[in-house]
Structures are given as C-alpha cells and as structure tokens.
Amino acid sequence: MSDSGAASDSLAARLTLTFAAELDDSQRTLVADTLALERDPSEAERQRSVFRIMHTLKGAARAAGVPAIESLCHAMETELSRGKASGAPLSPSHLALLLTIADAFAEASQQLKRGEKVTDDGVAPLLHRIAGRGSAAASGSAPRQVSTLVLPAPPVPTPAMPPAPEKESDAEPNPPEATPDQTRRITDSDDQVRIGVASLDGLLAVTGEVLRLASRMEDQPTNLTRAIEEIDDPTMRTSMMQLARRFDSDVHVLHTLSSRLIDSVRRLRQRPFADIVEALPRVVRDVSMSVGKPAELIVEGGELEADRPVLEMLREPLLHLVRNAVDHGIEPPAARAAAGKPAEGIVRVKAAMRADRLRVTVSDDGAGLNVDALRRRLTALGLPIPRKTHELAQSVFTEGFTTRENVTEISGRGVGLGIVQTAVESVGGTVDVSWQPGAGTTFTMEVPVTVAVLRAVIVDVSGHPVAIPTAYVERVTRIGRDEIRTIDGVSVLPDEDSPIPFVSLAGRLGPPFRDEPPADGRVVALRLAAGSRRLMVVVRDVIDEREIVMHALDITGGSRKSMLAGATLLPDGSVALVVDVPALLANRASNQSANFAPARVVVRRRILIVDDSITTRSLEESVLGASGYDVKTAVDGAQAWEILQNGEWDLVVSDIEMPRMDGIELCRKIRESSRTQSLPVILVTSLDKADDRMRGLAAGADAYITKSSFDQDVLLDTIRQLIGRGDGVTK
C-alpha cells in the first residue's frame, strides 16, 4: 500500500471514531431534550436543539462516510421542518420517534467503535415510520426508498480539504445559531487531548515509583545528620551540616511535588458522576409508562468525580436499582392517593463524598420493604429467617432472591439484587439497605474514589508487610487473652452492640503467613468495618500508614484470591499484599478463631531471592510463596549478604549481574564463611554461555538455571531436590 493510501486509511479511521464520539454526545443531548419536551412540549429552545442535532449530524455523517445515519437525519430534519413551519409543538408520537432515533444513534456508535459498518437495515424501519407520517408528500417530494440508502462512500477529505458543503436543497433556510454552552464546548475541544486508559495507568505506575522514592528518602536527612555529628573536624562538620540542611529541604520539596504529581495523574483518571446517570431519566420514563406509575427522577452530586473504572462499575447497579425503585418501590397511583401522597412518585439518586469514599444512594418515596414478603420468600426457599430486621433486609442481596412471583423484563428478572452487591464489592465497596414503612426505601453504596491510589495501614503479618486500606480501619488496639470470649466455637470480642468476631489475619491469608503465639499474652488487633459488618483481625504489629499505588495481582486459588485486592511496592522495595476488606468480612463466617496457644509450630523453609529486577523478584517470590516457602527478597548481593548475617536460611536464589555485589561474588562469600558455607545457592541468570556456567559453578553454586529457558516447575523441582518441599517441619 502506498504512503498516501495508508494516510488516507488512517484519516478515515480517525474520522470514524470522531463521528462515533459525536454520535454519543448527540444521543445524550437528544434524550435529555426529548424528555424535557415531554414535560413541556412548547419549550422553544429544546425544539431548536433537536433540530440542530439532526442538521449537524447529517453533515457529520456525510463527512465520515456513514450514509445510513445521513439519510436518517435528513428525513427527520425534513419532518421537524414541517412541524416548525406550522408552529405546532412536537406531538407525543414525534417524541417517541425521537427516543427511538436516539437508540439508533447509540447502536450506530457502538458499531463504529467495533469497526463494523452501519447498515441500512438498522435505520430502514425508522425511515418508514418517518415517511408514513406523510411529511415527504406534504413537502411535494417522494419519500426516500430504502434502496437509495446504499450510496458510494464519499472521498475521504484530507486535512487541507474540508468536507464539501451540503447541497443547497438540503440546507436549512435559517440554520439555528449555537447556544453559548455549545459554542464554549466547541472552543474548549480545541485544547482537549484524548488519553487512553492504559497510558494513564502507565503514567500512574511511574508516579507511584516517584512517590516511593520520595518516601524512601524521608529518613535519609536524619541519618545523614547523625553521621555528620560523629565527624571530629568542626570545620568539616559545619560545611557538611549546611549540605545536609539543603538536602533535607530538597527531600521535602521532592515529597511535596511527588504527592502533587500523583494527585494530578489520579484526577486525569477521574470522570464526573453525571456521566453515568445520563441514561437514568430515560429509564425512569420508560418503566413509569410501562407499569403505569408516574415518577420523577432527581439527581444530586453530578459534579463529584471518581475513577473511571469505579464509575463504570456503578452504571449497571444504578440502572438496576432505579428500575427496582419504580417497579417495586413506588406504589400505584390509587394506593398513593389513599396514603395521602402525590400521584407522582420520587426517585432520588444522590452522590456525596465521605472521607475518601464515594457514597451513592438510590431512594424512593414508596411503601418501604415488605418484610412479610421477605419472610415468606425465605421460607419458600428453605432458607433460615434472621431474627433481626436489618439482617432480614439483607436477604434482598442473596443471589437469585426476588419476591416477585412472576419474572418481568423491567426489574428483578429473576436475578434479584445479588448482582448489585457483587458489582459493588468487586471494587472494594459495600451496599446496604434501609427503609421506613410507608415512607420509602434507600439503597446505599459506598465505593473507593480510586482503585489505584489509596491510603493504607501497613501491618506486619508473621514477618511480611500487608496493607489494609485506612478507610476500613476503625481502631487499632492491644487486646489481652482474658478479654476474648468464645461463642459456638468462635472467638469474639464483647462490644456495646454485639460481639465482634475475632480472627488471625495470618490464618485467613494462608501461606506464607503463619499464626504465631503472642509473646506477652497480648496481641495487636485492628477493628475493621465495611457497611454493617465488623471484624477484629490480629497482626504482629503496625508498621506505618502511607499512600500507596495498588497494582493488580494475578493469583490462582479461590480462597486466597478472594481475600486480596492487589499488591503495592513499599519504599524499601518490598512487596506488600493489599487486603480486600469487604471480601474478608463477607467470608468471616468461615474464619478460623485466632489461635493463642498453638499445639505445634510449623517452621517453613526460608529462601532468600536476590535480583535487581523487581519483575523477576516478584515473579519468583509469588511462585515460591504459593508453594509454601517463607520468602524474603534483596535487590543486590550486598543487601543479601547483610540479610544472611541475621537469622537462619535454607537456600539462596540469586541473579548474577547486579550492582554493588554480583551473584558470583555473593556465592564466593557464602562459601568462604563458616556460618553459611553449606547454604545451597541457585543462580538464575540470563548468562547462557558455557564459560559463564562454569564461573558460577566454580564459585560454589549448587545449580544454574538460565532465564531464557526459565520455567517455574524447573525452579521448584531444583529447590525441592536441594532442601525439600516448602511445607515445613513440625517442632
């Protein structure tokens, strides 16, 4: 293909995507205008806006080479011109037609984004409906036939050649002027840039590394000052102190700038709440007409922002809850009249910030939950009936639970509200329900504003750092064994309202974490809360609280995976797992009680991984940790040698090429020391030449594995041959 042909194809693709985005914007505006005209058909500005949409999209479709949409807009523009000339407001049938056209715009946009062609079939029924109104006959021209939609694609315009002007007969005699809002939107678009989500995630990862570096440097000025104080020469000490003060100032500036940088990147990922509620007015309108219950939707907090993935997750739960509010919550007009309520019900969707979490409520002014119906349904399903009313209400979130005798297409549809809870908890959120008899029901969803950057408490769990999002931590305390009670074999901590389950976090997470008896009979515990659920978890100690960048974690294994939300890198280079607190609390029924006096202690094989590549360290740590080994990492040979001087180790897995001290030198030092000379060493390296292998084995390595042929099974088999399995031994 020639360069000019490739450029033409590239431009055509850009035009198609640009037109798809324009279709999305126009579709949203068209729905909003049409719903407003249903309430007040005489609103002139809305009528002009609808006409303007058809006129503008007709030209845009021609430029983008989408003749089906061009023909549809032309036909509707002609129909609207006829009504405009007579001065009559748009009729209900007109408005219904406009909403159907809006649906066609949405479908066409999705087709274009998928790289598909918008065919005539999708718009043919609409053209027949428009033609059937007699508009074409009234204007003195024959209606367009479906066959005329098959038009050759127009030449793709080059940047220097704008699209050809419309035919004079197609142009509106007096095209409406753009409103100030539209003019501003067009002007602002000139300095807007579209950025892919993947690019933003990459940028966020880099800024996270900057933040980690700044955090790691925070303690350096203090350490430097202490070292300077030991200098004997006063002159030199004074000069060095001046340098230390400047260094301290620079570190402070670096930390401030890195925090501002990560804040800015985080805001780039955010979208306004208003973006995901644009479809709700149409939903309320359609359901209201279908079930014969007049209802009005009120949306508050549309200006609040959250991460795009968080908002996208909320889209389907909101649609489900709003349908449910009209179909289930609001009473029929006769019942509302008997209760002294207005005939039109109210559905309110409200977004508000609560600390670093977004709280979204969906409420109605209907009759409230039918508690008796819930009990009957639970009985019919053979499920236990909770004694507490609030716990009974939570049954609406049971998968597949519905009080409807007959499945409908509007709400419920036989799946219940379980899909709402599942979706919300997928991003670490919670959902709850409350109601007042005769006054309405409120569903409350709380989700993190961001799933990438969050503040977390870093705790020590059997020697490993673990991050717990601060938003879920109510309190950190020390608890004595005499304060713990046992109810039905479960350890609990007495509380004002009801006993709180008390568990070991190490026991819940599993290997490489292990339960440890407290040294003095007292333990460090965190009280966690998500919605109405609470839990006390035991940890070895609390290390720090800081802002972290969370990364997705790919772990096989059901129970372990369900307890983890991701992982983060700490300033010292270690990897901390991030606990999925809602999942932890949701599964508390299966939690094992905290073990204060274990009958036996399991000592697991300890392996030190040495590699300057964080990717390799993380991969090997994940593989060995999942196999039951107790794993620690070092970034180079020098750090590894320091670690080996403290504690007992069973094996070292090391890279060769590293800064400060390479793997060959580390292996030599291990063999020269009487304390470590029998310690097995495996070299895992990219050096695959015969002489490289001989150098490694000559230095005392027990095994040599090349990264080019790296396979986790090979590594595990080699380790098991040298030190056995990671299951450990009992003492």
If ILE330 passes every condition in (1) β-branched (Val, Ile, Thr); (2) within 18 Å of GLY438 (Cβ to Cβ); (3) open to solvent by 50 Å² or more (accessible area, probe 1.4 Å) but one, which one does it miss?
(3)
Being in a helix (DSSP H, G or I) and not aliphatic (A, V, I, L, M) is the filter here, so list the residues in segment 262-301 that pass it.
ASP263, SER264, ARG266, ARG267, PHE273, ASP275, PRO281, ARG282, ARG285, ASP286, SER288, SER290
Would a scan of segment 455-476 turn up a residue that is in a loop (DSSP other than H, G, I, E, B) and surrounded by 21 or more Cβ atoms within 10 Å (Cβ to Cβ)?
no
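Whether any residue in segment 233-249 is assigned to a helix (DSSP H, G or I) and under 30 Å from ALA452 (Cα atoms) is what I want to check.
Filtering segment 233-249 down to residues assigned to a helix (DSSP H, G or I) leaves 234-249.
Narrowing the set further to residues that are under 30 Å from ALA452 (Cα atoms) leaves 248-249.
Looking through segment 233-249, at least one residue is assigned to a helix (DSSP H, G or I) and under 30 Å from ALA452 (Cα atoms).
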What do you reckon, is THR361 among the hydroxyl-bearing types (Ser, Thr, Tyr) and either open to solvent by less than 30 Å² (accessible area, probe 1.4 Å) or not in a helix (DSSP H, G or I) (or both)?
yes
Test set (1) within 16 Å of ILE682 (Cβ to Cβ); (2) modelled with pLDDT of 85 or more - ILE643 fails condition number
(1)
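Quick one: in segment 282-294, of everything that is out of contact with any Pro (no Cβ under 9 Å at 6 or more places or on another chain) and under 17 Å from ALA32 (Cβ atoms), which residue is least open to solvent (accessible area, probe 1.4 Å)? Walk me through it before giving the result.
The initial filter retains those residues of segment 282-294 that are out of contact with any Pro (no Cβ under 9 Å at 6 or more places or on another chain), namely 282-287, 289-290.
Among the residues that remain, those that are also under 17 Å from ALA32 (Cβ atoms) are: 282-286.
Working: ARG282: 37, VAL283: 20, VAL284: 4, ARG285: 46, ASP286: 58 Å².
Top of the filtered list is VAL284.
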Would you pick out the residues in segment 363-400 that are within 18 Å of ALA439 (Cα to Cα) and without any contact (Cβ under 8 Å) to a residue 24 or more places away in the chain?
VAL371, ASP372, THR389
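Residues in segment 346-354: is at least one in a helix (DSSP H, G or I) and either closer than 30 Å to LEU454 by Cα or touching a residue at least 60 places away in the same chain (Cβ under 8 Å) (or both)?
Pass one, segment 346-354, residues in a helix (DSSP H, G or I): none.
Within segment 346-354 (the criterion being in a helix (DSSP H, G or I) and either closer than 30 Å to LEU454 by Cα or touching a residue at least 60 places away in the same chain (Cβ under 8 Å) (or both)), the answer is no, since none of the residues qualifies.
Just name the residue that is surrounded by the fewest Cβ atoms within 10 Å (Cβ to Cβ) out of those in segment 634-647 that are assigned to a helix (DSSP H, G or I) and of a type in the set (A, V, I, L, M, F, W, C).
Pass one, segment 634-647, residues assigned to a helix (DSSP H, G or I): 637-644.
Those still in the list that are of a type in the set (A, V, I, L, M, F, W, C) too: 638, 640-641, 643-644.
Numbers: ALA638: 18, ALA640: 26, TRP641: 19, ILE643: 16, LEU644: 21.
Across segment 634-647, the extreme among qualifying residues is ILE643.
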Quick check on ASP650: is it under 19 Å from ASP717 (Cα atoms), open to solvent by less than 50 Å² (accessible area, probe 1.4 Å) and in contact (Cβ under 8 Å) with a residue 24 or more places away in the chain?
yes
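Examine segment 503-515 for a residue that is part of a strand (DSSP E or B), modelled with pLDDT of 85 or more and surrounded by fewer than 20 Cβ atoms within 10 Å (Cβ to Cβ), and state whether such a residue exists.
Filtering segment 503-515 for residues part of a strand (DSSP E or B) gives 503-504.
Narrowing further to those that are modelled with pLDDT of 85 or more: 503-504.
Okay, now just the ones that are also surrounded by fewer than 20 Cβ atoms within 10 Å (Cβ to Cβ), so none.
There is no residue in segment 503-515 that is part of a strand (DSSP E or B), modelled with pLDDT of 85 or more and surrounded by fewer than 20 Cβ atoms within 10 Å (Cβ to Cβ).
Take segment 79-93 and flag every residue that is assigned to a helix (DSSP H, G or I) and buried (at least 20 other Cβ atoms within 10 Å of the Cβ). Before the answer, list the steps.
Here is the first cut: in segment 79-93, the ones assigned to a helix (DSSP H, G or I) are 79-86, 92-93.
Within segment 79-93, GLU79, LEU80 meet the criteria.
The values are calculated or read from the model by the stated rules, or taken from the named source; none is laboratory data. Everything quoted here is computed from the prediction, not taken from an experiment. Here the Cβ is made from the backbone with ideal geometry for all residues, glycine too, and neighbour counts use every protein chain on show. Each accessible area value is taken on the protein alone, full model and side chains, heavy atoms only, with ligands, DNA and RNA left out. Shrake-Rupley method; radii C 1.70, N 1.55, O 1.52, S 1.80 Å.
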